[in-house]
Amino acid sequence: MAVSGSVLIVDDDPAFQSLAGRLLADCGLAVAGLAGTAGAAMTEAARLRPDAVLVDVGLPDGDGIALACELAALPWRPRILLTSSNADAAGPSEIRRSRAEGFIPKSQLPNAALDQILGARSP
């Protein structure tokens, strides 16, 4: 049986939030909520306890890489995927530091296996 996961989208662009929501739904993942800032992301993550979080590297109130590290340290250990319109926004060292599953430029998200990256972990 396929198990869907819930994903919190963290991005300050409403158009991207909508697009990401459609991409996630197409992969069988449920959008748990939306946050436009790092501060709102931590509040929403604590409230919603999503299985995964899609995090924009460039947020208006902080660094998405630092936010990913904070999110990855939450007790239920959500999966984190970094994204950015800048294809060079996060390299291997930033990904390791953030404890994210990886980084995918926004332009490549439609072709990414989001269900495999952000879906529920196998027992």
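Counted by Cβ distance under 14 Å from L82, the other residues give a net charge of -2, where Lys and Arg count +1 and Asp and Glu count -1. Annotation: amide H of I80 within the under-5 Å range of V53, E101, sequence separation 5 or more or interchain, hydrogens built in the peptide plane. Between R97 and A66, the contour length at 0.36 nm per residue exceeds the Cα-Cα span by 10.3 nm. A simple count of charges around E94, restricted to other residues whose Cβ falls under 12 Å of its Cβ and scoring Lys, Arg +1 and Asp, Glu -1, yields +1. With Cα atoms defining each centre, segment 58-107 and segment 24-45 are spaced 14 Å apart in the structure. DSSP bridge analysis restricted to the chain gives an antiparallel fraction near 10%, rounded to the nearest 5.
Hydrodynamic radius of the chain by the Kirkwood approach over all distinct alpha-carbon pairs: 13.9 Å.
Read-outs: derived from the displayed coordinates by stated rules, not from any lab. Computed from a predicted model, the values in this text were never measured in an experiment. Note: ideal-geometry Cβ built from the backbone for every residue, glycine included; neighbour counts use all protein chains shown.
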